[in-house]
1. How large is ³J(HN,Hα), in whole Hz, for each residue of the stretch 384-401 in order, when computed from phi with the Karplus curve 6.51 cos²θ - 1.76 cosθ + 1.60 and θ = phi - 60°, using x for Gly and Pro?
2. Can you give me the long-range amide H partners of ASP380? Hydrogens built in the peptide plane at 1.01 Å from N, cutoff under 5 Å, separation of 5 or more residues or another chain.
3. Please report MET369, MET448 as a ranked list, fewest other C-beta atoms within 10 angstrom at the top and most at the bottom.
4. Per-residue HN-Hα couplings for the stretch 357-367, Karplus 6.51 cos²θ - 1.76 cosθ + 1.60 at θ = phi - 60°, whole Hz, x for Gly and Pro?
5. Compare the peptides 146-154, 324-332 by average per-residue count of other Cβ atoms within 10 angstrom and give them in order, highest first.
6. Pop out the ³J(HN,Hα) list for the stretch 255-265 in order, Karplus 6.51 cos²θ - 1.76 cosθ + 1.60 with θ = phi - 60°, rounded to Hz; leave Gly and Pro as x.
7. Straight-line reach from LYS108: which aspartates and glutamates have Cα under 12 Å away, leaving out those fewer than 8 places along the same chain?
8. Can you check what the net charge comes to around VAL411, using other residues whose Cβ is under 14 Å from the Cβ of VAL411 (Lys, Arg +1; Asp, Glu -1)?
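Only the coordinates and a few stated rules stand behind these numbers; no lab work does. Computed from a predicted model, the values in this text were never measured in an experiment. Neighbour counts run over all protein chains shown; Cβ positions are idealised from the backbone, glycine included.
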Amino acid sequence: MTASPRHRRHFLGQRPVRNALLGVGVLLVGAGLLLPLGDATSTLPAADTQQITLRLSDPAAAATARPSQPAPAPASANPVNTAESQAPTIDWQRLRVRSGDNLAAVFKRAGLTARDVHEVVNASDEATRLTRLYPGDEILLHITADSGLQRLRYEIDDTRTLVVEPTPAGGTYTTRIETRELERRVAVAEGRINTSLYHAGAEAGLDDRLIMELAGIFGWDIDFALDIRRNDRFTVIYETLFRDGEKVRNGRILAAEFVNRGDRFRALRFEDADGRSDYYTPEGRSMRKAFLRTPTDFTRVSSEFNPNRVHPIYGTERPHVGTDYAAPPGTPIVAAGDGKIIHRGRKGGYGNTVILQHGTRYTTLYAHMRRFASGQSTGDRVQQGEVIGYVGSTGLSTGPHLHYEFRVDGVHRNPRTVELPTAEPLDRRYQADFRASTDAWIARLDRMSQTRIAQASD
Ligand SMILES: [Zn+2]
């Protein structure tokens with residue numbers, strides 16, 4: 001099945017993590033192939049990536065940041081952390097978990113016994129984590145000739161380390177979790193598209209995940225397969241996470257701007273008091289839409305919405321009140337928006353058809369299905385992105401495709417161009433918080449575009 005970038009991008013908004021890896025390839029191929037390539041000799045201007053140290057005057061950053069701790073960095077050959085490396089006499093054994101390993105195998109390599117394994121993993125609930133090791137994990141052991149295991153350290157994640165030590169009385173072990181917050185810094189990347197978003201993002205220093213996140217944020221407004229043009233540009237303000245002065249990984253996108261064919265889009269990340277986070281326009285509207293533009297993974301648009309079309313089978317003028325998306329038989333068809341199934345069955349020339357009602361004003365129709373999704377019936381509620389059936393050629397159809405209709409107040413509209421309503425806007429009670437936490441990002445995006453204009457006119 002051909003994975004269309006147009007389709008994937010919709011899912012990015014819903015399940016960015018799950019599709020992240022798959023999506024990068026798709027985006028790369030899609031955008032690269034479909035972008036009209038002009039003169040191949042022009043080169044991309046060097047992307048301007050810079051690390052900016054967190055400034056506490058940025059409220060959005062200050063809200064999540066912890067004051068960075070003065071990090072004494074002793075030049076120990078094998079620094080484990082600040083506390084440990086202040087005791088230079090500790091001779092750590094660093095053991096890497098291999099494929100097929102368990103704690104017993106690791107302990108055995110270090111000269112410890114099955115009894116040690118038993119005592120350590122039974123020391124506490126936290127210690128049972130050591131029974132779920134993954135290849136590549138590291139376990140640090142401090143073992144002395146006379147007293148055996150004196151300390152074990154295991155990094156659970158970026159911020160938490162499990163420490164196991166013998167109880168002072170001896171015989172058993174105690175455990176504790178050491179936590180160290182990561183220092184958050186803000187980084188900015190800018191890029192200009194020459195061949196694809198993926199290439200431009202990589203040149204600007206963004207990793208695959210950030211590029212996909214960027215595409216997911218703007219994917220409701222911009223079709224990254226069909227709409228991207230050379231010289232479209234983007235600015236991304238994102239978090240980078242540091243520990244002891246070393247970068248651990250990139251964090252989230254805090255704010256971003258994308259200029260597509262001269263149209264400027266901006267997105268700002270906001271987390272409300274209930275911990276829900278999403279991206280909003282500077283006016284507080286959700287970046288997400290209530291409807292997917294295209295409810296299937298199509299290979300091409302085989303027939304556009306056209307009120308004056310000559311019907312391919314009847315040969316007479318017959319309006320085409322939907323859009324046809326050619327796709328291999330069996331391709332999943334998903335609900336374009338949250339809604340209720342009001343029809344599910346045969347419907348004349350439409351063949352196997354599902355009609356969804358979305359609130360009071362909108363209905364969507366999906367025709368010529370080979371079969372329906374199992375476990376659903378008329379009256380059921382479905383969610384945006386949920387599979388409702390599979391592409392087929394039932395009814396009056398010249399080949400496998402999805403015929404898709406979009407109605408507003410009962411009137412057929414072109415599914416490809418109709419203005420789609422946005423998802424829930426920001427709750428009114430969060431407006432003040434939103435302003436306070438995003439004004440700094442807007443100001444920074446403004447400054448950056450002014451700088452760009454000034455540079456361009458030099
Ligand atoms: Zn059709």
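1. 3, x, 6, 5, 10, x, 9, 4, x, 9, 6, x, 7, 8, 8, x, x, 6
2. Amide H neighbours of ASP380: ILE341.
3. Numbers: MET369 26, MET448 16.
So the residues, fewest neighbours to most, are MET448, MET369.
4. Karplus-based 3J(HN,Hα) across the stretch 357-367 equals 9, 10, x, 8, 9, 10, 9, 10, 10, 10, 10 Hz.
5. In descending order of packing, they fall as 324-332, 146-154.
6. Once θ is set to phi - 60°, the couplings for the stretch 255-265 become 7, 7, 10, 9, 10, 10, 6, x, 8, 9, 10 Hz.
7. ASP116
8. Details: positive: ARG361, ARG407, ARG413; negative: GLU405, ASP409, GLU419.
Its environment carries a net charge of 0.
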